[in-house]
Amino acid sequence: MSFRLSATLSGHEDDVKCLIAPSDDIIVSGSRDSTIRIWYRSSPESAAFNSSTINHKSSKFVNSLAYFDDGVEQLIVSGGNDNLINMTTLGSTIDVNEPQYCFVGHTANVCALDSRDSQVLSGSWDATAKVWSKTGDVLYDLKAHVGSVWSVKFLPERDAFLTCGADKTIKVWNKSKVVDSFVAHEDVVRDLLVLPNGDFVSCSNDGTIKIWDGHSHKLKQRLIGHDSFVYSLCLLPNGDIVSSGEDRSVRVWRDGKCIQVIAIPAVSVWKVISLPNGDIVVGSSDSQVRIFTRDPKRAAAKDEIEKFQNSIENSSISENLFGKINKEDLPGDEALSIPGLAEGQTKMIKNDLGTVEIYQWISKKWSKIGEINDSSSSDRKQIYQGKPYDYVFDVDIEDGKPPLKLPFNVADNPYEAADNFLAQNNLPYSYLQEIVNFILTNARGVTLDEAKGSDVPAPAPTSRGNGILPQQEYLAFNKQDVAKMVAGFRKLNAEQNVDYQHDPSDLEALISREDFDGLSQLASQIIQTWQNGAKLVGFDILRSVISRIRPFENLFPLIQQGLADENPKIEMMALRILANVFSAKWGEQTFMDTGVFDVIFTPKLMKDLREEGEKKGKKLLSITVATVILNYAVLINKFQSIGLYEKAIEVCDEYVPVLLDNEESSYRVLVGIGTLNCVKKRDGLKELAESITGVYSTERFRKVMNEVE
């Protein structure tokens, strides 16, 4: 018997992100509309549910739910973008202002919850999972993931837990210790399901579902069928596995094969759970909660099923989900007489009106699941700020504020588009991967070259209490002597070939208007056209504005030109530009590639540092190199990047001896070493730090050394 619609529960005003079911007759849902709603079955034998009551209203999105039952109290556990975990009774209503319990400890969105006996397990975008007592004490703080922890589960053994996250790994814990960790998927791992026999299941943004041996943690089976991200998993009483995802579908799996696809008239099918009676409940981006059943007694009325089917057939699906479609090559409806090869297979046809329809092989017949909308084709582009775009997305960043516009063309690099969006809207860089995923999901004609940064993890939090380590802020060379810069520009401008001269007032005018893009263009022209020594002015201008602009096309070739320049002042200024890039909204992405180390730390740089050390006077190059090393340490600590960590250790080993000629450069690199030591203690780091404090023993050096020890 196949699943068919049982009921549609309408009441939420935004995406339904999470669901729990304390019993066959009670469903609890959480939504981006910030409410938790409870739905009660109208009678034990009925398929219908009464209108919902609002159990709790949060200040932000509600993204996770769990059911708590310690034998004394039965509570709804909820988490979301307010970083809190709230516990409310089933009988609570919106008139009750305060939850019964509130746990404070996470520093970002609480996106995953589980509960067993008197404990609650939570996962967060802050890269941690936590085990809580009923009274809100943190029993175990699970810190090892790099990036968001997307799912958390209690394992059958006492004090054993399972987590997964944005770093593509699954981790097995005993108390707060990782006992096993392995890369499970090629993309973010979104959900986990523990099976009765101890095995467990995972699903991922890579579109796959995997079953793992509960003891050896070896892969047992891979389930392939979803066309996009897989968000949620649940288990039916008969042992079938159910999944949902970004491909508008719920899928039922048995013995490794998809036995049924349930089409949903919504792009994102965020959550699927099972009821004790074997029904399944689905929450999706169209704000609806839907129940599906195999029991004919609980099936919806015929007209309700027809209404649901019509909503699927009339769904409008972007052409870019499938890439460019050549309508002339598509068959007509005669193609529907050919049986499908597998459950969930899709087929496109062109109807008599020329409209492209998409069908899916469901329960041994072709069912229409929508029509292709080609509104993003080149002859129907949307105009935004005077320019044509394939897409102009509305992006909700904050509750209560209007969505921001994100323009995008299919030919654009998603990371560059996301960078521009964040820079223009003054948003934190930590949103980058989420914006990129949004673009890839909603403009599926776009493909991503992973070499361009698709593997950047979400940043992990750091903490230093009242100490110095780890350093958490990037250092920058921001000092700007405008009068001196303008005077130098005027003097050197007059000495250039007339074809490359600028209006003497150009620089001053751009500075007075705070036209940072204009200043970067002027700097680029100076670097490319002026005589060698005079180029220093261009690099200095670029240094002063780099953190306030978006990266332009030839920015990094210009910086590389400066690094290779024989003039040590130009080399130093190019390095200062890089030091300041760390502080730019788009800057961290630049340094996540370990290959950038080899561009910066070259034999030429080592030679120039040694030559500077032999001379008297200020060690400007030495201080600049030490600052770049320190900023790398801050980045590595923030993102807990072990690959970058290893490269940074190599650089420190090589460069510390040539940086000891200057006290300031020695101090900065000491703080960098101390910060790296906070990421991962390693033999030799302490000795390296001691080699610095053996030369400089003032109080500030001693304070850092005390924390290293």
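The values are calculated or read from the model by the stated rules, or taken from the named source; none is laboratory data. As the structure is a computational prediction, the values presented were derived from the model and not from experiment. Cβ placement follows ideal geometry from the backbone for every residue including glycine, while neighbour counts extend to all protein chains displayed.
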Just the residues that are within 39 Å of the chain's Cα centre (by Cα) and without any contact (Cβ under 8 Å) to a residue 24 or more places away in the chain, please, taken from the stretch 482-520.
510, 512, 513, 514, 515, 518
Across (1) out of contact with any Gly (no Cβ under 7 Å at 6 or more places or on another chain); (2) not assigned by TED's automatic domain parsing to the domain that holds residue 691, residue 637 clears everything bar (2)
Within the stretch 570-579, does at least one residue satisfy the condition of being in the same structural domain as residue 531 (by TED's automatic domain parsing) and either exposed (fewer than 14 other Cβ atoms within 10 Å of the Cβ) or among the β-branched types (Val, Ile, Thr) (or both)?
yes
Looking only at the stretch 667-683, which residues are at pLDDT 95 or above and surrounded by fewer than 22 Cβ atoms within 10 Å (Cβ to Cβ)?
none
Scan the stretch 440-452 and tell me whether some residue there is at pLDDT 70 or above, outside any loop (DSSP other than H, G, I, E, B) and either charged (D, E, K, R) or not assigned by TED's automatic domain parsing to the domain that holds residue 510 (or both).
yes
Across (1) surrounded by fewer than 23 Cβ atoms within 10 Å (Cβ to Cβ); (2) over 19 Å from residue 222 (Cβ atoms); (3) free of Cβ contacts under 8 Å to residues at least 40 places away in the same chain, residue 269 clears everything bar (1)
Out of the stretch 141-173, which residues are of a type in the set (D, E, K, R) and surrounded by fewer than 21 Cβ atoms within 10 Å (Cβ to Cβ)?
141, 143, 153, 157, 158, 159
Quick one: residue 93 ticks every box in (1) among the β-branched types (Val, Ile, Thr); (2) surrounded by fewer than 14 Cβ atoms within 10 Å (Cβ to Cβ); (3) in contact with a helix residue (DSSP H, G or I) (Cβ under 7 Å, 6 or more places away or on another chain) except a single one, so which number is it?
(3)
Can you tell me which of 170, 209, 262 is more than 30 Å from residue 286 (Cβ to Cβ), in contact (Cβ under 8 Å) with a residue 40 or more places away in the chain and either not assigned by TED's automatic domain parsing to the domain that holds residue 117 or not in a loop (DSSP other than H, G, I, E, B) (or both)?
170
In the stretch 176-194, the residues that are surrounded by fewer than 20 Cβ atoms within 10 Å (Cβ to Cβ), charged (D, E, K, R) and at pLDDT 95 or above:
177, 180
Hey, does the stretch 36-47 have a residue that's within 20 Å of residue 268 (Cβ to Cβ) and either touching a residue at least 24 places away in the same chain (Cβ under 8 Å) or more than 33 Å from the chain's Cα centre (by Cα) (or both)?
yes
Members of the stretch 48-72 found to be within 21 Å of residue 233 (Cα to Cα) and either within 28 Å of the chain's Cα centre (by Cα) or polar (S, T, N, Q) (or both), listed by number
62, 63, 64, 65, 66, 67
Checking the structure you have, find out if any residue of the stretch 525-539 is of a type outside the set (Lys, Arg), at pLDDT below 95, more than 40 Å from the chain's Cα centre (by Cα) and loosely packed, with under 13 Cβ neighbours inside 10 Å.
yes
Filter the stretch 197-206 for residues that are without any contact (Cβ under 8 Å) to a residue 40 or more places away in the chain and not in a strand (DSSP E or B); which is surrounded by the most Cβ atoms within 10 Å (Cβ to Cβ)?
206
Which pairs do you get when a residue that is basic (Lys, Arg), found in the stretch 579-603, comes within reach of a residue that is at pLDDT below 85, reach meaning Cβ atoms under 7 angstrom, with the pair 6+ apart or on two chains?
585/422; 585/423; 585/429
Under the condition of being closer than 26 Å to residue 302 by Cα and of a type outside the set (A, V, I, L, M, F, W, C), which residue from the stretch 30-44 is surrounded by the most Cβ atoms within 10 Å (Cβ to Cβ)?
41
For residue 361, which of the numbered conditions (1) crowded, with 18+ Cβ neighbours inside 10 Å; (2) modelled with pLDDT of 85 or more fails to hold?
(2)
Per the filter on the stretch 96-123, residues surrounded by fewer than 21 Cβ atoms within 10 Å (Cβ to Cβ) and among the aromatic types (Phe, Trp, Tyr) are 101
